[in-house]
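The next block holds one structure in the form of structure tokens; read it before the comments.
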Amino acid sequence: MKQLYRKHCRQEPTIPLFSQAWWLDAVCGEDRWDVCLVENDGQVIATMPYFIRHKKGLKMLVQPPLTQSLGPWISKSNAKYAKRLSREKDLMGQLISQLPKYDFFKQSWHYSNQNWIPFFWKGFSQTTRYTYVIDGLKDLDQVLNDFSSSYRNKIRKADKVVVIERNMDLEVFYKLNTMTFERQGLSTPYSFEFLSQQDKALAERNAREIFYAIDDDGAVHSALYLIWDGMSSYLHLVGEDPALRKSGAGIRLIWEAIKFTSQELGLDRLDFEGSMIEGVEQVRRDCGARQKAYFTLMRTPSLLMQSGMFVKGLLRRG
């Protein structure tokens, strides 16, 4: 099944970056993910990869680290609306039936997948969350005009203080990235070794760039790790020196990523990869990005794990 899915990923341009087999190899490990798959007349028409995690004797199908979205992929249909929904119901039912026995399921879907009702009928629940997206990058003048006036001022201010460079050393980026978490009193939720493995997979496919803002004294103010597929770029990770935040370099790098996405990648969309943190949400909004609702689906068939406090504590310690 996985070998067929690998082949399908190589051939099908609409499989999102975060559902690609090579991405799952990098963030899960080759033996820690699997996929549900439906064929018709030798053609793959529906897929749903999942990450397998074992904890305290329990089997959990959860979201992989640093992975924005998973969820079902269903081939395009030109049928009328009612028939499309009927087809989705049938295919999602087949995908659900292929899931292995598990104690806990939690998976975030791409915002383009808005039909989760077949999962509801099978006992799943969902929480609505939001990412922020900037569309229409071909018109960069309009995109910049959609920035708040204060953010446009920050960009102009930063241009007087820093220059933008590319291809930052990953270890230097990681140190800057950890500063962002430390400023918030948090530990970095992934190791340098994990990030290196992910970075290697992305670099081999020319699917990432690391931008950074540096001043005349050689001090790096901020850095931005951008990734992309054939449909969108994604603001994946950032890092910022807390002592140099007032320069506006972080906002300047977002603008650089937007220009790069439009002018060099030829893509029309940048996805901020979501955040429900109030302060982070404001940054997305003031950059002119628009809300996109997406679903996080859950199901807990295990009686042991039906205690919400137990589930939250287990994942927090993980």
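Computed values, structure above
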{"item": "Label-reachable residues, region 218-237, where backbone N falls under 15 Å from a point 7 Å from R245's Cα toward its Cβ", "result": "221-223"}
{"item": "Degrees, to the nearest 10: 81-98 long Cα axis against longest axis of the chain", "result": "80 degrees"}
{"item": "Assigned charges on the beta-carbon of Lys, Arg, Asp, Glu; the chain dipole about Cα centre (debye)", "result": "1360 debye"}
{"item": "Listed residue (I155, F194, N167) projecting farthest to the positive dipole end of region 150-213, Cβ model", "result": "I155"}
{"item": "For region 30-50 versus region 81-101, the gap between their alpha-carbon centres in whole angstrom", "result": "13 Å"}
{"item": "Percent RCO, i.e. relative contact order, over the chain, from Cα pairs under 8 Å lying at least 6 residues apart", "result": "22 percent"}
{"item": "Percent of C-alpha pairs per 5 Å bin, region 115-178, short to long", "result": "4, 10, 10, 11, 15, 15, 10, 8, 9, 5, 2, 0"}
{"item": "Radius of gyration and Dmax over the Cα atoms of region 1-120, both given in Å", "result": "14.1, 47"}
{"item": "With all protein chains modelled, accessible area of H54 [1.4 Å, Å²]", "result": "130 Å²"}
{"item": "Listed residues Q282, Q198, Q291, most fluctuating in the chain (Gaussian network, C-alpha, under 10 Å)", "result": "Q282"}
{"item": "Portion, in percent, of the accessible area of region 42-97 that falls on carbon or sulfur, probe 1.4 Å", "result": "50 percent"}
{"item": "Once the Cα gyration tensor of the chain is diagonalised, semi-axes √(5λ) in Å", "result": "35, 23, 19"}
{"item": "Principal-axis tilt of helix 192-204 within the chain, Cα atoms, nearest 10 degrees", "result": "90 degrees"}
{"item": "Added length on full extension, which subtracts the Cα-Cα distance from 0.36 nm per residue, D217 to Q3", "result": "71.9 nm"}
{"item": "Efficiency of FRET between W121 and K160 - r from beta-carbon atoms, R0 41 angstrom, step 0.05", "result": "0.10"}
{"item": "Cα-centre dipole for region 1-139 with unit charges at Cβ (Lys and Arg positive, Asp and Glu negative), debye to 20", "result": "320 debye"}
{"item": "Over 20 Å (Cα to Cα) - which of K76/K138; K55/K106; K76/K122; K59/K106; K80/K122; K76/K259 fall in this group", "result": "K76/K138; K76/K122; K80/K122; K76/K259"}
{"item": "Dipole of the chain, positive end: most advanced residue of P49, V38, F272 [Cβ charges, Cα centre]", "result": "V38"}
{"item": "√(5λ) per eigenvalue of the Cα gyration tensor, region 91-245, largest first, Å", "result": "36, 21, 16"}
{"item": "Helix-derived mean residue ellipticity, 222 nm - over the chain, DSSP H n ≥ 4, -39500 (n - 2.57), to 500", "result": "-11500 deg cm²/dmol"}
{"item": "Surface accessible to a 1.4 Å probe, per residue, for the residues of the chain, Å²", "result": "51 Å²"}
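The values are calculated or read from the model by the stated rules, or taken from the named source; none is laboratory data. None of the values given here were measured: they were computed from a predicted structure. Because the Cβ atoms are built from the backbone with ideal geometry, glycine has one as well, and the counts that use them run over all protein chains shown. Note: areas computed on protein heavy atoms with side chains; ligands, DNA, RNA excluded. Shrake-Rupley method; radii C 1.70, N 1.55, O 1.52, S 1.80 Å.
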